[in-house]
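For reference, the structure discussed in these notes is given below.
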Amino acid sequence: MAENGRPKVAFFDFACCEGCQLTVVDSLQTHLELVEAVEIVQFREAMTEKGEDYQIAFIEGSCTREQDEARLREIREQADIVVALGACAHIAGVNAIKNVQPSLQDVREYVYGDKWEQYDSYAARPISAVIEVDAVIPGCPIDRFEFLDVVKKLLLGKKPSVPDYPVCVECKLKENVCILETGGTCLGPITRAGCDAIYPTYGVGCLGCRGLISNPNENAMMDVLEEAGLTVEQLMSKMTMFNAYEPAHIGEAVASPAEE
C-alpha cells in the first residue's frame, strides 16, 4: 500500500497482443478518478517506471513457455489480488490454436523457420493453469466498462463477478435476428455473455472469446444446430479460435493438445 493509502497496481503481459492493456489506457483517459484512486507502479504500455511493490496485479496473455511459470508465481506471491485480463489470460485465447495442431514442433518450424530451436514453447494455457486467479475480465479485447466495474468492486473490497448466462440472452434483449436463422454459425448459445452481443448485433456470429458458460445445455445446442442445418464439425471450426485449450462441451471434444 502506498503512503497515501492508495493500493498499488501493476500490469503484466505474457503471450498476447496487449490489446486489452490498450483498452485499459483508453478507459483511464476518460475516467481519471480511477487513476487518482490507485497508484500504478508498473504498466509497460503507459509508463517507463517499474515498481515491484504492488497489491493488485492485472495479467494479460497466456503462458506459452515453461520459463514463464516462475515469473507468474513471483507475481502471485507478491500480489494480494490477481486478475486475468482478457481471453488469452482467461482461457488461453488464440494462442491455444497451436495446441490442436498435430505437432508443436511443426508449429515452431512454421513460425520460426530454421531458427525454431532458439525459441522455447509449449502448449498454451491460461494463467489459472499455473497460479490461482482471484478474478477474470473476459473478452478479446476486454470491455472497458466491465474493466471499470471490476476495478471499482476491487477497491470497495467486493469480489467481482462476470455473467454466467449465454450471449443469446443479450441478443433477445436487443431483439436481434438470430444468426443461426440467417444461415450463419454462432457460438452464442454456449458462450458467456457480457459483451452486449456486439458481434451478432452487427450480423456476425459469436466466436466465443469470453469462454464457455459453466453449464451449457448440450441437448438444446444440438437441437439448435439441427434446426439450422449445421453440423458439430462446422461449430468446432469456430470453437477452436478462442477455446482450443479446453475440450468443447458439445458433441465431441476438441482434438488432443499438440505433443510437447
Self-check item: Filter result (surrounded by fewer than 19 Cβ atoms within 10 Å (Cβ to Cβ) and modelled with pLDDT under 50) within region 233-256
Solution: H249, G251, E252, A253, V254, A255, S256
Quiz item: Got a sec? Which of E69, E52 is under 19 Å from the mean Cα position of the chain (by Cα), more than 16 Å from V151 (Cα to Cα) and in contact (Cβ under 8 Å) with a residue 24 or more places away in the chain?
Solution: E69
Practice problem: Read through the list (1) in contact (Cβ under 8 Å) with a residue 40 or more places away in the chain; (2) more than 23 Å from F145 (Cα to Cα), then give the number of the only condition that M236 fails. | Solution: (1)
Practice problem: Hey, can you tell me all the residues within region 201-219 that are part of a helix (DSSP H, G or I) and closer than 24 Å to Y245 by Cβ? | Solution: E218
Self-check item: Checklist (1) under 24 Å from D120 (Cβ atoms); (2) in a loop (DSSP other than H, G, I, E, B); (3) touching a Lys or Arg at 6+ places or on another chain (Cβ under 9 Å) applied to Y54, failing item
Solution: (1)
Quiz item: For region 77-172, which fully contained helices (runs of 4 or more DSSP H) count at least 1 residues that are surrounded by fewer than 19 Cβ atoms within 10 Å (Cβ to Cβ) and either touching a Phe, Trp or Tyr at 6+ places or on another chain (Cβ under 7 Å) or of a type outside the set (A, V, I, L, M, F, W, C) (or both)?
Solution: 104-112, 144-155
Quiz item: For D114, all conditions in the list (1) more than 25 Å from F14 (Cβ to Cβ); (2) touching a residue at least 24 places away in the same chain (Cβ under 8 Å); (3) in the same structural domain as A57 (by TED's automatic domain parsing); (4) not small (G, A, S) hold save one; what is the number of the exception?
Solution: (2)
Quiz item: Quick one: in region 6-46, which of the residues that are of a type in the set (A, V, I, L, M) and outside any helix (DSSP H, G or I) is nearest to the chain's Cα centre (by Cα)?
Solution: A15
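The values are calculated or read from the model by the stated rules, or taken from the named source; none is laboratory data. All values reported here derive from a predicted model rather than from experimental measurement. All Cβ positions, glycine included, derive from the backbone under ideal geometry; neighbour counts span all protein chains shown.
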